[in-house]
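Supplied in structure tokens, the structure appears directly below.
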Amino acid sequence: MSRTALIIGATGLVGNACLQLLLQTSEYRAVKALTRRALPQQHAKLTPILANFDELDKVAHELVADDVFYCLGTTIKKAGSEAAFRQIDYDYALRIAEIARQNGAQQFLLVSSLGANAQSSIFYSRVKGELETALQTYQFAGLHIFRPSILLGERHEQRTGEAIGQFVARCLNPLMLGALRKYRGIDAPTVAKTMVKCAIAAQRGVFVYESDKIQALAV
Ligand SMILES: NC(=O)c1ccc[n+]([C@@H]2O[C@H](COP(=O)([O-])OP(=O)(O)OC[C@H]3O[C@@H](n4cnc5c(N)ncnc54)[C@H](OP(=O)(O)O)[C@@H]3O)[C@@H](O)[C@H]2O)c1
């Protein structure tokens with residue numbers, strides 16, 4: 001197999017872990033990374049694509065790949081409002097899915113979130129759930145939806161609340177057994193590993209992986 005990957009969000013925690021794995025993986029001969037700021041890395045297999053995500057049509061002809069690894073996301077606090085969050089987390093994803101599908105992409109792998117649910121009363125979870133549902137209209141041969149619990153990993157930016165959350169998650173992880181396993185914090189590279197494994201396995205259909213399943217599949 002000699003596939004081309006397109007990563008969205010390669011400067012982020014999960015996205016960067018995906019990028020490093022894909023660059024090392026022989027199943028992928030080329031890796032394209034769409035970002036809004038330059039990647040600090042060069043590699044023979046890597047084609048960086050810089051864009052303003054409000055003007056995706058300008059780079060549409062470059063978004064050609066077999067498999068899309070969608071790792072972009074923000075927080076309501078960072079986005080500044082619920083409307084801005086929705087534009088980033090929902091609108092960008094759908095537009096990229098639409099363009100990639102039109103350009104022949106076969107698989108779309110989405111980093112969603114634990115608790116994603118289109119009927120949720122929690123805005124964040126509702127947007128994630130609505131995105132999961134809307135992506136199904138593009139009829140990718142494989143739509144793989146990953147719902148990690150709190151992500152563990154080193155961030156360049158300061159997110160105090162999240163740092164505390166990571167600390168608490170690491171302490172509580174061993175106590176989360178049985179049905180609680182899906183609430184365990186999960187290392188970002190573990191999520192990336194399972195995403196790449198699922199992409200290579202190339203099963204057809206729509207698949208949802210809860211956090212405990214993501215952890216188990218990475219082994
Ligand atoms: N954090 C958690 O504990 C957690 C738990 C479950 C699910 N998730 C979800 O998992 C996904 C990945 O999370 P992560 O922690 O790996 O993300 P992250 O480290 O915050 O990275 C986010 C990525 O999205 C890009 N991005 C954000 N806003 C953008 C914008 N307006 N225009 C263009 N690019 C933009 C960032 O680019 P820049 O580097 O340029 O900012 C970065 O590449 C997200 O959808 C998140 O909601 C997170």
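Search segment 127-156 for residues that are of a type in the set (Asp, Glu) and pair each with any residue that is more than 8 Å from the ligand (Cβ to nearest atom) and not in a loop (DSSP other than H, G, I, E, B) when their beta-carbon atoms are under 8 Å apart and the residues are at least 6 apart or on different chains.
Matching pairs, first to second residue: GLU130/TYR90; GLU132/LEU110; GLU132/ILE145; GLU132/VAL208.
Sort through GLY161, GLY185, GLY205 and tell me the only one that's within 22 Å of the chain's Cα centre (by Cα) and closer than 26 Å to ALA141 by Cβ.
From the options GLY161, GLY185, GLY205, the qualifying one is GLY205.
While we're on this one: Pick from THR25, THR75: which is touching a helix residue (DSSP H, G or I) at 6+ places or on another chain (Cβ under 7 Å) and among the β-branched types (Val, Ile, Thr)?
Working: THR75 fails: touching a helix residue (DSSP H, G or I) at 6+ places or on another chain (Cβ under 7 Å).
Answer to the check: THR25.
Just to be sure before I move on: is VAL168 under 15 Å from the mean Cα position of the chain (by Cα), more than 8 Å from the ligand (Cβ to nearest atom) and over 24 Å from LEU39 (Cβ atoms) in the structure I sent?
Against the criterion (under 15 Å from the mean Cα position of the chain (by Cα), more than 8 Å from the ligand (Cβ to nearest atom) and over 24 Å from LEU39 (Cβ atoms)), VAL168 does not qualify.
Please state which one of ILE76, ILE49 is β-branched (Val, Ile, Thr), touching a Phe, Trp or Tyr at 6+ places or on another chain (Cβ under 6 Å) and within 14 Å of the ligand (Cβ to nearest atom).
ILE76
Check ASP89 against each of (1) at pLDDT 95 or above; (2) farther than 20 Å from ALA51 by Cβ; (3) within 13 Å of the ligand (Cβ to nearest atom) and name the one condition it does not meet.
(2)
Quick grid of which residues meet (1) buried (at least 22 other Cβ atoms within 10 Å of the Cβ); (2) assigned to a loop (DSSP other than H, G, I, E, B); (3) charged (D, E, K, R):
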| residue | (1), (2), (3) |
| --- | --- |
| ALA33 | yes, no, no |
| ILE49 | no, no, no |
| ASP57 | no, no, yes |
| VAL68 | yes, no, no |
| ARG86 | no, no, yes |
| ALA97 | yes, no, no |
| ARG101 | no, no, yes |
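Return a yes/no flag: does segment 23-41 have any residue that is within 16 Å of GLU157 (Cα to Cα), within 8 Å of the ligand (Cβ to nearest atom) and touching a residue at least 24 places away in the same chain (Cβ under 8 Å).
There is at least one residue in segment 23-41 that is within 16 Å of GLU157 (Cα to Cα), within 8 Å of the ligand (Cβ to nearest atom) and touching a residue at least 24 places away in the same chain (Cβ under 8 Å).
Only one of (1) in contact (Cβ under 8 Å) with a residue 12 or more places away in the chain; (2) surrounded by 14 or more Cβ atoms within 10 Å (Cβ to Cβ); (3) under 25 Å from ALA141 (Cα atoms) is not met by ASP91, so which one is it?
Status for ASP91: all satisfied but (1).
Let me ask something additional. Got a number for residues in segment 159-196 being at negative phi, without any contact (Cβ under 8 Å) to a residue 60 or more places away in the chain and assigned to a helix (DSSP H, G or I)?
Residues in segment 159-196 being at negative phi, without any contact (Cβ under 8 Å) to a residue 60 or more places away in the chain and assigned to a helix (DSSP H, G or I): 21 in total.
Looking only at residues in segment 47-77 that are under 15 Å from GLN87 (Cβ atoms) and acidic (Asp, Glu), which one is nearest to the chain's Cα centre (by Cα)?
Here the residue is ASP54.
Working only within segment 143-186, note down all residues that are among the basic types (Lys, Arg), within 24 Å of LEU109 (Cβ to Cβ) and either buried (at least 18 other Cβ atoms within 10 Å of the Cβ) or modelled with pLDDT of 80 or more (or both).
Those that are among the basic types (Lys, Arg), within 24 Å of LEU109 (Cβ to Cβ) and either buried (at least 18 other Cβ atoms within 10 Å of the Cβ) or modelled with pLDDT of 80 or more (or both): ARG147, ARG181, LYS182, ARG184.
Starting from residues that are part of a loop (DSSP other than H, G, I, E, B) and acidic (Asp, Glu), keep the ones in segment 103-158 and report whichever is nearest to the ligand (Cβ to nearest atom).
Only one residue fits best here, namely GLU157.
The values are calculated or read from the model by the stated rules, or taken from the named source; none is laboratory data. Everything numeric in this text was worked out from a predicted model, so none of it was measured. Note that we place each Cβ from the backbone using ideal geometry, even for glycine, and neighbour counts take in every protein chain shown.
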